[in-house]
1. Do we find that B:Ala210 is of a type in the set (A, V, I, L, M) and assigned to a helix (DSSP H, G or I) in this structure?
2. Look through the stretch A:1-22, keep the residues that are open to solvent by 40 Å² or more (accessible area, probe 1.4 Å) and of a type outside the set (Gly, Ala, Ser), and return whichever of them is nearest to the other protein chains (Cβ to nearest Cβ).
3. Which residues, taken from the stretch B:63-94, are without any contact (Cβ under 8 Å) to a residue 24 or more places away in the chain and assigned to a helix (DSSP H, G or I)?
4. Just one of (1) under 29 Å from B:Arg261 (Cβ atoms); (2) among the hydrophobic types (A, V, I, L, M, F, W, C); (3) at pLDDT 95 or above trips up B:Ala92, so point out which.
5. In the stretch B:253-266, what residues are touching a residue at least 24 places away in the same chain (Cβ under 8 Å) and surrounded by 14 or more Cβ atoms within 10 Å (Cβ to Cβ)?
6. Every residue in the stretch A:4-16 that is assigned to a helix (DSSP H, G or I) and touching a Leu at 6+ places or on another chain (Cβ under 7 Å), please.
7. Every residue in the stretch B:229-249 that is open to solvent by less than 20 Å² (accessible area, probe 1.4 Å) and under 17 Å from B:Trp189 (Cβ atoms), please.
Amino acid sequence: MVSVEADGTVHRLSPQTINGTAEIVQAAAVVSAEVAAGNAARLCREVAARLAPAPRAGPAHGQAGVVAGAGAGAVRRVEVVTETYDAVAWFAGERRPQRRVVHADCPVGRR
Amino acid sequence: MRGATASRRHGTGPAPRPLEALAGRLLAPAPADRLAVLRALVCAFGALYLVGRFPHVVDSAALPAHRWDPVGVLRLFDAPPPAPLLIGVASAGPLLGLAAALGWRWRATGPAFALVALVLLTYVNSWGQVLHTEHLLVLHLLVLAAAPAADAWAWPARPGPRPAPAGRYGFPVRLVTLLTVLTYLLAGWAKLRTSGWAWAGGEVLRHQVAHDNLRKAVLGSPWSPVGGALVAYGWPWRPLALATLLVELGAPVVLVWRRLRPWWAGAAWGFHAGVLVVMAVFFPYPLSGVAFASLFPLEHGAARLRRVARAARPGRPR
């Protein structure tokens, strides 16, 4: 899952943000299961709610720490995506996905 | 009994039936110290493990109920248990584990700790993904819980002489070993079941390591640069795959040849260390060595400790 900032910058979300726990395998399994069950939109809304700034928390960067690798920019959208890579080639430097499917796309609003 | 064994060895008596021979091996007497030290090690590890899992239990308690996908003993529960109850049990778990490790009121603390570990680890595995690495610890705790594992090396110490070696002390230790062997054998069998003997060729392992590290990389978790670098080469994977299958499918040798036990335990530990290096996957129970403790004559270490403790007693001539 990824978050998209106002300027189009894309950040990958951490297991903690996606699933609420630090277990990476569990987070990956939850995303796969939700996509397979046709619940990608629901998952998207859940994660967007987790990323949404609290009413009196000020600017969105108050939540930026939970987004792995995210900067201080405001997160505008969350996407549930499947990216297909050649895993061996990825480590040789081929970082572009062979295929990218967006299953759900939802806005990050205020809580 | 010894005479019967001797006559069989010399070919004068009837050969034991396979089941009798198996029962004889499983129920052979063993010192109470061996089982007691195993109890102390496994329960102490279990207590520390539950401390490490506590944050995950707390995080899981806040997950939405629709993610609840119960497995094992929690399969009957349609909804997750209430968070306060769960956090209370998770808080009590390590204390119970400490009491069980000490052998304090073992008949209560042993089964209670095993049950708490079973429920808590089933709970954290009931959210869409089962982590098989936790099964062995719980199985070992359940076996120990049903055994007289605090007849020696318990606090407070039991009055009277130390109990004589008996089958009731040997059987649980051998059952723990048997379970350890079965988990490795099943892991090896699962590889062959999904990929056939092609798994031994190494390409499946190479792609598995690449896939696992890539998944971690894209999800922002620590991944192994060693594994990432190694997947560029084809040649290391065949020997690594063969070594993996040898450790897993070869595990039953420890049931037959006692002398191979340290070698197999070392190889299995090396296998897990290798997995940590190339996949950044940490198997705490085997890597701690406690998972393999039942393979060793633990009473020797206990006797050494006893001698040291006696020598250190104040007022004793040195």
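1. The answer is yes for B:Ala210.
2. A:Arg12
3. B:Ala65, B:His66, B:Ala83, B:Pro84, B:Leu85, B:Gly88
4. Every condition holds for B:Ala92 apart from (1).
5. Quick first cut of the stretch B:253-266, residues touching a residue at least 24 places away in the same chain (Cβ under 8 Å) only: B:254-255, B:261-262, B:264-265.
Residues satisfying the conditions are B:Val254, B:Leu255, B:Arg261, B:Trp264, B:Ala265.
6. In the first step, residues of the stretch A:4-16 are kept if they are assigned to a helix (DSSP H, G or I); the result is A:15-16.
Within the stretch A:4-16, just A:Pro15 meets the criteria.
7. Hits for the stretch B:229-249 are B:Ala241, B:Thr244, B:Leu245, B:Val247, B:Glu248.
Conditions (1) within 19 Å of the chain's Cα centre (by Cα); (2) open to solvent by 50 Å² or more (accessible area, probe 1.4 Å); (3) in contact (Cβ under 8 Å) with a residue 24 or more places away in the chain, marked per residue:
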site: B:Arg162; (1), (2), (3): no, yes, yes
site: B:Arg168; (1), (2), (3): no, yes, no
site: B:Pro172; (1), (2), (3): yes, no, yes
site: B:Thr177; (1), (2), (3): yes, no, yes
site: B:Ala187; (1), (2), (3): yes, no, yes
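The values are calculated or read from the model by the stated rules, or taken from the named source; none is laboratory data. These figures come from a predicted structure and were not determined experimentally. Positions of Cβ are backbone-derived with ideal geometry, glycine not excepted, and every protein chain shown enters the neighbour counts. Surface areas here come from the heavy atoms of the whole protein model, side chains and all, with no ligands, DNA or RNA. Shrake-Rupley method; radii C 1.70, N 1.55, O 1.52, S 1.80 Å.
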